[in-house]
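Note sheet for the following structure.
The values are calculated or read from the model by the stated rules, or taken from the named source; none is laboratory data. Since we're looking at a predicted model, the values are computed, not measured. For neighbour counting, all protein chains shown are included, and Cβ atoms are generated from backbone atoms with ideal geometry for every residue, glycine included.
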Amino acid sequence: MSNLVEVRNLRIEAKTDSGRLVEIIKGVSLDIADGEIVALIGESGSGKTTVALSLMGYARPGCRITSGEINVGGKNMATLSEKERARLRGTDIAYVPQSAAASFNPSSTIMEQVIEVTRIHKLMPPEQARQRAVELFRALSLPDPEGIGTRYPHQVSGGQLQRLSAAMALISDPKLVIFDEPTTALDVTTQIDVLKAFKSVMRAGGVAGVYVSHDLAVVAQIADRIVVLKGGEVQETGTTAAILSAAQHPYTRELLAAFEPKPRQAHADADAATKQLLRIDNVTAGYGPVRDDGLPLIRAVDSVSLVVEKGRNLGVIGESGCGKSTLARVIAGIHPAATGDIVFDGKDLQRAARKRSQDQLREMQIVFQYADTALNPAKPVEDIISRPLAFYHRLDRQARAKRVDELLDMVRLPRGLRYRHPSELSGGQKQRVNFARALAANPKLIICDEITSALDTVVASAVIELLKELQRELGLSYIFISHDLSVVEAICDEIMVMYNGERVEQITPDKLTAPTHPYSKLLFSSVPKLDPTWLDGLVRDPELVSQYGHR
Amino acid sequence: MTTGRVTTSRRSFLGHSYSLVGVVAALVILAWTLVAILAPYVIPHSIGDIVDDDYFGPMRQGLWLGSDYLGRDMLSRVLMGARYTVGISLAAVSIACFSGVVLGMIAAVTGGWLDTCLSRFLDAMNSIPSKLFGLVVVAAVGSSIPVLILTLAVIYIPGAYRFARALAVNINTMDFITVARVRGESTLYLIGSEILPNIIRPVLADFGLRFVFIVLLLSGLSFLGLGLQPPLADWGALVRENIGGLPFAAPAVIVPSLAIASLTISVNLLIDNLPQKIRDRDA
């Protein structure tokens, strides 16, 4: 056997609520050589995680491996008994989950959990395991490698935790490590450190890896080969360079196209651009008890001012915890500001939404990141979209039904979807319904809070295209909040960079290559490029990183 | 629990799947409901008439369930007893659940001092032992059907409130509630249209459980002689007045006990096996 992993014609079945069987993996074959990192890429529902988990002989509840071979190191995982599989898991094959924060036990120390595997499989004495762990911490460039093990999971950052879970996987010297979207939940500035650490450790140890991701640019940095999955079938396999430069399959091309910078037309109507739609001056808001000076203890948004002009878009960008979502909530009045003025369409706005007039509420709509929680799961799509119509516009039943049709057309959803419940829609469809509800109010300004972050690349770029089109037709303005620079760049006329609750810089997209503020420089340089040599060639100013990076 | 449900035999009908146990339980409940409604028209004897020369008579033709400690027809008394047990319990549980759930949702949505005051007050109510509370009220005001209904309802409001509030607080943090709030919706709309549909299933299950509690408490009160007064008798009272028949294995004491058991167990089984709507994404 020449390859470490040989998967042949793998089929996996899942059972639906009504007992119907659905084939979710339809004959997948792939090889991984010793020390090779293979990326599984595809949209959600493409079966990439299911395939990755099957390498451990594991199928999620309700799923069953029906046929095919999964040879890992000469053993067929599909036919092994559960006991034999358990012996291999953690020793020969290790797994790094997407959310390290959710996979650590909050009540025991990190060291305890990292060396747990050696204890379960009786691989080495605890003292030796601790030494090995410290070596790994050092190799993964974690700060204070000697002391970090005594901390508890909540005492380290998300990026550190993700590297610690890699240490947990690597401590038993596995032959194969499965990474399940390990950097998806991280900020770009943190992602870089984690990727670099993963890459160097894997190279040094000659460990083979499977890297599951939907982000082509991230995969390009770390993988030797890429397997593109869609609908439970392999669409295309090739070396990273080959896939990036000469993709054959239409779906792969679509994925690549989503990365190309989209030309955005300049606004011709210069007169509209002179009108201010929203102006906020020196707004401060935060959480915790109010102190003597009338300001809250923890300031999430600190003296921020901004202007949105009619028919134009403002992007707000920054890492998680920089206060950008709080800013959105302050503008919408969900979280009333402590000080500062909000002027909307020439009139002063009350800070709390409860005190604003119905028209003011109607003209400013907010769309949230997670369509799953933003749509009432107990109501069909029709009811969700028609509520603003009844509430603001007092339309009767017939007029509402007609308008719902129009709105569904506008967001490019088939009209038949109106009878479905949100749980029966895909992520992209839910986000469109979420957006249609905002449109139903006939707003002047829509605040979009990370609306594409939970979506796949291809779906996200389709949603962005839709937003642009609707803007042309309806003369809307957007405030677009995101941590993803490419998204903001694609749609916004102005970009505001936030750091630690403060506005650090405001620039236009064409000047993105030359930011002046050091944090913007760090942020912009951290966005992964499709070029596979980008990560190795990346040189970051160590002073900047130590000042702004959260290592 | 979910996996257990899927494996028990389920059939589907009208887009819902049912388990056999649930169907049987529903039939038992339906039967008792019909009995409660139709009792006055079907009983062979008036409940006060002494029709047997012997007391604690055995089952025989004409007296299908024997006679009680005064020689009255047991069948008639059990059938009429269903009326009081089911009727009083149902009225009490409806009042308790409606007030508790509405207050709970309002507290969750409004928050602040209203939530604090309501929660503390109802917690204080909750700390009074239910039987003792029932005894004191009935002893003070006297026993009548409206007093019984209200007392039982008041005893079970705090529990329903706590339950609904806990559920509603979770729903209240969801983004769609925030969206509705910034749309300017009223509290009434928020609780009725956004929160209630999302908690209705557990609330119904709670309704069923509380119904069982109330049946048992009412039977308990009647057994102690503080429930319905003679010659009216609910099942609890029937057990009590015929307890002397126990050494004779008289049907008069066994039948009402079986009636209480069959109703409460059926309600429990039904709420554990409610029909589930089949939602198949690809269908």
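Looking at (1) at the interface with another protein chain (Cβ under 8 Å from one of its Cβ atoms); (2) crowded, with 17+ Cβ neighbours inside 10 Å; (3) touching a residue at least 12 places away in the same chain (Cβ under 8 Å), which is the only condition A:Gln358 fails?
Tallying (1) at the interface with another protein chain (Cβ under 8 Å from one of its Cβ atoms); (2) crowded, with 17+ Cβ neighbours inside 10 Å; (3) touching a residue at least 12 places away in the same chain (Cβ under 8 Å), A:Gln358 fails exactly one: (2).
Only one of A:Ala440, A:Ala462 is hydrophobic (A, V, I, L, M, F, W, C) and buried (at least 22 other Cβ atoms within 10 Å of the Cβ). Can you tell me which?
The conditions single out A:Ala440.
Check B:Ser17 against each of (1) part of a strand (DSSP E or B); (2) under 28 Å from B:Ile214 (Cα atoms) and name the one condition it does not meet.
Here B:Ser17 clears every test but (2).
Within the bounds of segment B:108-122, is there any residue that is away from chain A (no Cβ under 14 Å), within 24 Å of the chain's Cα centre (by Cα) and under 17 Å from B:Leu217 (Cβ atoms)?
No, segment B:108-122 has no match at all.
List the number of the failed condition for A:Thr339; all other conditions in (1) out of contact with any Ser or Thr (no Cβ under 6 Å at 6 or more places or on another chain); (2) touching a residue at least 24 places away in the same chain (Cβ under 8 Å) hold.
(1)
Given the conditions (1) within 14 Å of chain B (Cβ to nearest Cβ); (2) under 20 Å from A:Val307 (Cβ atoms), and given that A:Ile385 satisfies all but one, which numbered condition is not satisfied?
(2)
Among the residues of segment A:370-382, write down those that are within 8 Å of chain B (Cβ to nearest Cβ) and of a type outside the set (Phe, Trp, Tyr).
Answer for segment A:370-382, where residues must be within 8 Å of chain B (Cβ to nearest Cβ) and of a type outside the set (Phe, Trp, Tyr): A:Thr373, A:Ala374, A:Leu375, A:Asn376, A:Pro377, A:Ala378, A:Lys379.
Can you confirm whether A:Pro263 is at pLDDT 85 or above, more than 24 Å from A:Leu4 (Cβ to Cβ) and surrounded by fewer than 16 Cβ atoms within 10 Å (Cβ to Cβ)?
For A:Pro263, the condition - at pLDDT 85 or above, more than 24 Å from A:Leu4 (Cβ to Cβ) and surrounded by fewer than 16 Cβ atoms within 10 Å (Cβ to Cβ) - is not met.
Assess whether A:Asp510 counts as being in a loop (DSSP other than H, G, I, E, B) and closer than 30 Å to A:Gly428 by Cα.
It is false that A:Asp510 is in a loop (DSSP other than H, G, I, E, B) and closer than 30 Å to A:Gly428 by Cα.
Pairs please, first residue from segment A:77-101 and more than 22 Å from A:Phe179 (Cβ to Cβ) and surrounded by fewer than 20 Cβ atoms within 10 Å (Cβ to Cβ), second anywhere and among the charged types (D, E, K, R) and at pLDDT below 85, Cβ atoms under 8 Å, 6+ apart in sequence or on different chains.
Pairs that qualify, where the first residue is more than 22 Å from A:Phe179 (Cβ to Cβ) and surrounded by fewer than 20 Cβ atoms within 10 Å (Cβ to Cβ) and the partner is among the charged types (D, E, K, R) and at pLDDT below 85, are A:Glu84/A:Lys75.
Given the structure, is A:Val527 outside the structural domain of A:Lys324 (by TED's automatic domain parsing) and in contact with a helix residue (DSSP H, G or I) (Cβ under 6 Å, 6 or more places away or on another chain)?
In short, yes.
Which condition breaks for B:Trp64 when tested against (1) touching a helix residue (DSSP H, G or I) at 6+ places or on another chain (Cβ under 8 Å); (2) at pLDDT 80 or above; (3) surrounded by 13 or more Cβ atoms within 10 Å (Cβ to Cβ); (4) of a type outside the set (Asp, Glu)?
Failed condition: (2).
Of these, B:Arg162, B:Arg201, B:Arg183, which one is without any contact (Cβ under 8 Å) to a residue 12 or more places away in the chain and either surrounded by fewer than 22 Cβ atoms within 10 Å (Cβ to Cβ) or within 30 Å of A:Lys379 (Cα to Cα) (or both)?
Just a single option satisfies the conditions, and that option is B:Arg183.
Do the conditions hold for A:Ile331, that is, is it closer than 24 Å to A:Leu470 by Cα and surrounded by 15 or more Cβ atoms within 10 Å (Cβ to Cβ)? Before you say what the answer is, go through the steps one by one.
Numbers: closer than 24 Å to A:Leu470 by Cα: yes; surrounded by 15 or more Cβ atoms within 10 Å (Cβ to Cβ): yes.
Yes.
Do you know which residues across segment A:137-170 are buried (at least 22 other Cβ atoms within 10 Å of the Cβ) and farther than 20 Å from A:Pro106 by Cα?
A:Leu140, A:Leu170
Name every residue in segment A:207-231 that is modelled with pLDDT of 85 or more and assigned to a loop (DSSP other than H, G, I, E, B), in order of residue number.
Answer for segment A:207-231, where residues must be modelled with pLDDT of 85 or more and assigned to a loop (DSSP other than H, G, I, E, B): A:Val207, A:Ala223, A:Asp224.
I'd like to know if segment A:187-206 contains one or more residues that are assigned to a loop (DSSP other than H, G, I, E, B), aliphatic (A, V, I, L, M) and either in contact with a helix residue (DSSP H, G or I) (Cβ under 9 Å, 6 or more places away or on another chain) or at pLDDT 85 or above (or both).
No, there is no match, as no residue in segment A:187-206 is assigned to a loop (DSSP other than H, G, I, E, B), aliphatic (A, V, I, L, M) and either in contact with a helix residue (DSSP H, G or I) (Cβ under 9 Å, 6 or more places away or on another chain) or at pLDDT 85 or above (or both).
Would you mind telling me which numbered condition in (1) at pLDDT 90 or above; (2) touching a Leu at 6+ places or on another chain (Cβ under 6 Å); (3) within 14 Å of chain A (Cβ to nearest Cβ) B:Gly184 fails?
For B:Gly184, the failing item is (1).
For segment A:190-246, which positions are hydroxyl-bearing (Ser, Thr, Tyr), buried (at least 23 other Cβ atoms within 10 Å of the Cβ) and either more than 24 Å from the chain's Cα centre (by Cα) or farther than 24 Å from A:Val28 by Cα (or both)?
Of the residues in segment A:190-246, the ones hydroxyl-bearing (Ser, Thr, Tyr) are A:190, A:200, A:211, A:213, A:237, A:239-240, A:245.
Okay, now just the ones that are also buried (at least 23 other Cβ atoms within 10 Å of the Cβ), so A:190, A:211, A:213.
Across segment A:190-246, the qualifying residue is only A:Thr190.
Mind counting the residues in segment B:44-87 that are farther than 20 Å from B:Leu263 by Cα and out of contact with any His (no Cβ under 7 Å at 6 or more places or on another chain)?
Start the filter on segment B:44-87 by keeping residues that are farther than 20 Å from B:Leu263 by Cα, which leaves B:44-64, B:66-73.
Filter once more, so that each one left must be out of contact with any His (no Cβ under 7 Å at 6 or more places or on another chain): B:44-50, B:52-64, B:66-72.
Count: 27.
Could you run through segment A:414-430 and say how many residues are buried (at least 20 other Cβ atoms within 10 Å of the Cβ) and either away from chain B (no Cβ under 12 Å) or assigned to a loop (DSSP other than H, G, I, E, B) (or both)?
Count: 3.
Residues that are farther than 30 Å from A:Val433 by Cα and touching a strand residue (DSSP E or B) at 6+ places or on another chain (Cβ under 8 Å), at least 1 per element: which helices (runs of 4 or more DSSP H) completely within segment B:122-201 meet that?
none
Among the residues of segment A:334-355, count how many are more than 8 Å from chain B (Cβ to nearest Cβ) and either more than 16 Å from B:Gly184 (Cα to Cα) or crowded, with 17+ Cβ neighbours inside 10 Å (or both).
Going through segment A:334-355 one residue at a time, the tally reaches 15.
How many residues are of a type in the set (Ser, Thr, Tyr) and either exposed (fewer than 12 other Cβ atoms within 10 Å of the Cβ) or touching a Phe, Trp or Tyr at 6+ places or on another chain (Cβ under 7 Å) (or both) when one looks only at segment B:110-143?
Final tally of qualifying residues: 2.
Pull out all pairs, ordered by first then second residue, where Cβ-Cβ is under 6 Å, the residues are six or more apart or on different chains, the first lies in segment B:110-135 and is farther than 30 Å from B:Glu185 by Cβ, and the second is polar (S, T, N, Q).
Pairs found: B:Gly134/B:Thr151.
Residue by residue, here is whether (1) of a type in the set (Ser, Thr, Tyr); (2) within 23 Å of the chain's Cα centre (by Cα); (3) closer than 18 Å to A:Gln369 by Cβ holds:
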{"residue": "A:Leu476", "(1), (2), (3)": "no, no, no"}
{"residue": "A:Leu485", "(1), (2), (3)": "no, yes, yes"}
{"residue": "A:Val488", "(1), (2), (3)": "no, yes, yes"}
{"residue": "A:Ile495", "(1), (2), (3)": "no, yes, no"}
{"residue": "A:Asn500", "(1), (2), (3)": "no, yes, no"}
{"residue": "A:Val504", "(1), (2), (3)": "no, no, no"}
{"residue": "A:Lys511", "(1), (2), (3)": "no, no, no"}
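Rundown of residues vs (1) more than 14 Å from every other protein chain (Cβ to nearest Cβ); (2) closer than 19 Å to B:Leu216 by Cα; (3) modelled with pLDDT under 90, yes/no style:
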position	(1), (2), (3)
B:Lys131	yes, yes, yes
B:Gly134	yes, yes, yes
B:Gly142	yes, no, yes
B:Val147	yes, yes, no
B:Ile155	yes, yes, no
B:Pro158	yes, yes, no
B:Ala164	yes, no, no
B:Val169	yes, no, no
B:Ala180	no, no, no
